[in-house]
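Taking it in order: structure first as structure tokens, then the write-up.
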Amino acid sequence: MTTVAAPDALDARRRRMVAPATTIGGLALATLALHVRDPHVHGSWGVCPLAALGVYCPGCGGLRAVNDLTHGDVAAAASSNLAFVLLLPFVVAGLALWVRARWRGAPLRVDPRVAARVTWAGFAVLLVFAVLRNLPGSWLAP
């Protein structure tokens, strides 16, 4: 015997899923665009003002890393932006938790103190990454 959800419950679920579906759809479209239009070609996606000044931010090489990952080349992606490649599984896990919570209609509970610590630790790691990749001869430079 199968149970059919009430129409109101289905409408509520549909409304709850709009934000995650839109976010994931937008990320998928951006990923497809980066697969099709190669960011390795100078100027194909514009020029980063910081990179034009010779400063590599933590995001520099991120577009190339996405392109490399869509072609299955993890080593090249890590060479373009190691921080992005290492953080990507956590971003995907976060999206999955968000989708699951929205699907179930349950709030995604995160202790604010833990969230603050993780946020500050993340900023610290990205700051160290930015400094290290800007050192002369650094292998972390994109």
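Could you look through the stretch 93-107, keep only residues that are surrounded by fewer than 11 Cβ atoms within 10 Å (Cβ to Cβ) and of a type in the set (A, V, I, L, M, F, W, C), and pick out the one that is farthest from Arg64 (Cα to Cα)?
Filtering first and then ranking leaves Ala106.
Identify the residue in the stretch 44-54 that is surrounded by 12 or more Cβ atoms within 10 Å (Cβ to Cβ) and assigned to a helix (DSSP H, G or I) and, among all such residues, is modelled with the highest pLDDT.
Leu50
Do we find that Gly62 is at pLDDT 95 or above and not hydroxyl-bearing (Ser, Thr, Tyr) in this structure? Before the answer, list the steps.
Working: at pLDDT 95 or above: no; not hydroxyl-bearing (Ser, Thr, Tyr): yes.
Criteria not met by Gly62.
Considering (1) within 25 Å of Leu132 (Cα to Cα); (2) part of a helix (DSSP H, G or I); (3) β-branched (Val, Ile, Thr); (4) more than 13 Å from the chain's Cα centre (by Cα), say which one Thr22 fails and leave the rest.
If we test Thr22 against (1) within 25 Å of Leu132 (Cα to Cα); (2) part of a helix (DSSP H, G or I); (3) β-branched (Val, Ile, Thr); (4) more than 13 Å from the chain's Cα centre (by Cα), just (1) comes out false.
Residue under question is Ala115, and the condition is that it be surrounded by 11 or more Cβ atoms within 10 Å (Cβ to Cβ) and out of contact with any Pro (no Cβ under 6 Å at 6 or more places or on another chain); does it hold?
Values: surrounded by 11 or more Cβ atoms within 10 Å (Cβ to Cβ): no; out of contact with any Pro (no Cβ under 6 Å at 6 or more places or on another chain): yes.
Against the criterion (surrounded by 11 or more Cβ atoms within 10 Å (Cβ to Cβ) and out of contact with any Pro (no Cβ under 6 Å at 6 or more places or on another chain)), Ala115 does not qualify.
Looking only at helices (runs of 4 or more DSSP H) that fall completely inside the stretch 56-142, which ones have 3 or more residues that are within 24 Å of Arg16 (Cα to Cα)?
Result: 82-104.
Restricting attention to the stretch 32-43, and to residues there that are modelled with pLDDT of 90 or more and not in a loop (DSSP other than H, G, I, E, B), which single residue is surrounded by the fewest Cβ atoms within 10 Å (Cβ to Cβ)?
Val36
Taking only pairs six or more apart or across chains, which ones have beta-carbon atoms under 8 Å, a first residue in the stretch 39-64 that is under 18 Å from Pro136 (Cβ atoms) and among the hydroxyl-bearing types (Ser, Thr, Tyr), and a second residue that is part of a loop (DSSP other than H, G, I, E, B) and at pLDDT below 90?
Close Cβ pairs satisfying both conditions: Tyr56/Ala141; Tyr56/Pro142.
The values are calculated or read from the model by the stated rules, or taken from the named source; none is laboratory data. It should be emphasised that the depicted structure is a prediction, and the values quoted were computed from it without experimental measurement. Please note: Cβ atoms are built from the backbone with ideal geometry, for glycine as well, and neighbour counts cover all protein chains shown.
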